[in-house]
Amino acid sequence: MTLKTIIEQFPPLSVDELVTEINNFPQYNIAMKKEFLAKLIKHHPLLYVDWGEGSSYYRARYMGNDASPIDHVSKILCPPKEIRSYGRIDSDENEILYTASSKNTALNELKNYYNSINYYTIATFRIYNSIKVLPIGELSHTQVTGRGMLLGNQSQSINKLINACNPDEVTRLLITDKFLSDSLMSDNYNITSYVANCIFEKNSDIYVIAYPSKQYPGGINFAIKNKVIWDHLGINAVRYAQIRHLACGYFEERNTRHVKGITQRGKLIWDENHADDEYYTYPLEPLWTPGQSI
């Protein structure tokens, strides 16, 4: 399917309507904002990628000054609904596990280091079964930079398709793509979670939304539907360490402990042989999922 065919199948709003609505958007009440966003998503193609086996993602949890490592896998997963706070993507309809493209990205997203030494848990998740990921704003990002967040070598193909299309149609498509991306990245979580819900409702096969980190430029966050995590990912490693922010988003790690196994009921078993080794990783093989015994 070519991009022109996609435009024909999902025609953008007229340029006058699009520009007028976007310019007036800041003055709209919440109901009007949601109505316009829903209309945009209805008419916009959702460009997703099948993210394959072997890719890894990181999740960090702040543990304060508690020197005792956590004892159960539940403490690195989504908190229970009654005590969790809503983030950028999650809502009553969709419980989300937030992960990141790197350890540094995951730590920066916590925003609570203040250059002091504190304890953190960092878990690594790895895909074992392909999953559909929607990188928000990928079309406009590719057109501007020449390379998408996730498209990799396919970026050139997207650029060629964009350049081969009617310039006016492409402009409307790219404006829509960029506006939806900006809306998802806004500080109003009522709006961001609504954009995510509309995306998930339009294509129920999309389980992950990828978006750029606001705390660590160049990093990518992955918001994964909690209900499908174990159908596609397993835990590959868990570490507990004292971590201090140095500067510019980089960290120092010390007194590192590593999990060497997880029981069927989720109890963490800590390795004593590689204590204090921040450069060592204890890979869990096979990957741990609920019901998987050591």
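The values are calculated or read from the model by the stated rules, or taken from the named source; none is laboratory data. Not measured: the values here are computed from a predicted model. No Cβ is skipped: glycine too gets one built from the backbone with ideal geometry, and neighbour counts run over all protein chains shown.
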Any chance the range 46-56 includes a residue that's closer than 26 Å to Ile229 by Cβ, modelled with pLDDT under 95, surrounded by 16 or more Cβ atoms within 10 Å (Cβ to Cβ) and among the aromatic types (Phe, Trp, Tyr)? yes
I'd like the residue in the range 150-181 that is of a type in the set (A, V, I, L, M, F, W, C) and in a loop (DSSP other than H, G, I, E, B) and, out of all such residues, is nearest to Tyr57 (Cα to Cα). Leu150
Give me the pairs: first residue in the range 201-218 and touching a residue at least 12 places away in the same chain (Cβ under 8 Å) and more than 19 Å from Asp92 (Cα to Cα), second residue loosely packed, with under 14 Cβ neighbours inside 10 Å and among the basic types (Lys, Arg), beta-carbon distance under 8 Å, and six or more apart or on different chains, which are they? Gln215/Lys111
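Sort out which residues of the range 130-149 are part of a helix (DSSP H, G or I) and of a type in the set (Gly, Ala, Ser), and write them in order of number. So that I can check it myself, show each step before the final result.
Pass one, the range 130-149, residues part of a helix (DSSP H, G or I): 138-145.
Listed by number, the list holds a single entry, Ser140.
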Considering (1) farther than 30 Å from Ile117 by Cα; (2) in contact with a Lys or Arg (Cβ under 8 Å, 6 or more places away or on another chain), say which one Gln154 fails and leave the rest. (2)
Which condition does Tyr240 not pass, out of (1) under 27 Å from Ile131 (Cα atoms); (2) buried (at least 22 other Cβ atoms within 10 Å of the Cβ), if it passes all the others? (1)
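Looking at the range 208-294, what strands (runs of 3 or more DSSP E) fall wholly within it and have at least 2 residues that are among the acidic types (Asp, Glu)?
On the way: elements: 208-212, 220-225, 233-247, 250-262, 268-271.
Fully inside the range 208-294 and qualifying: 250-262.
For (1) crowded, with 20+ Cβ neighbours inside 10 Å; (2) at pLDDT 90 or above; (3) under 23 Å from Lys267 (Cβ atoms); (4) among the β-branched types (Val, Ile, Thr), each residue gets a yes or a no:
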| position | (1), (2), (3), (4) |
| --- | --- |
| Ser68 | no, yes, yes, no |
| His72 | no, yes, yes, no |
| Leu77 | no, yes, yes, no |
| Thr99 | yes, yes, yes, yes |
| Asn112 | no, no, no, no |
| Val144 | no, no, no, yes |
| Ser157 | no, no, no, no |
